[in-house]
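Here, each number is a calculation from the coordinates, and none is a lab measurement. All of these numbers come straight from a predicted model, not from anything done at the bench. A quick note on method: Cβ atoms are made from the backbone with ideal geometry, for glycine too, and the neighbour counts reach across all protein chains shown.
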Amino acid sequence: MNDAFKALGDLTRRKILDLLKNGNLTAGEIAENFDMTKPSISNHLNILKWMIDIQQSRG
């Protein structure tokens, strides 16, 4: 649970979630909204995916 709070505590990941509220975006479309490399965005997306997987496995 602590890891989930750390993951959500990151401003970039919160901004990504905010972008996704309006619909699906590709990783490239998400990256266009940030001044960082695509691999960095990919890392943030992997952490968010991990959080979702954890939540789904808990039911």
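Based on the Kirkwood radius over alpha-carbon pairs, what value in µm²/s does the Stokes-Einstein equation return for the translational diffusion coefficient of the range 2-58 at 4 °C and 1.567 mPa s?
110
Using alpha carbons only, how many degrees (0 to 90, rounded to 10) separate the axis of helix 38-58 from the longest principal axis of the chain?
20
So what's the angle, to the nearest 10 degrees on a 0 to 90 scale, between helix 11-20 and the longest Cα principal axis of the chain?
The angle comes out at about 80 degrees.
Placing +1 on the Cβ of each Lys and Arg and -1 on the Cβ of each Asp and Glu in the range 2-58, which of 42, 11, 52 has its Cα farthest towards the positive end of the resulting dipole?
52
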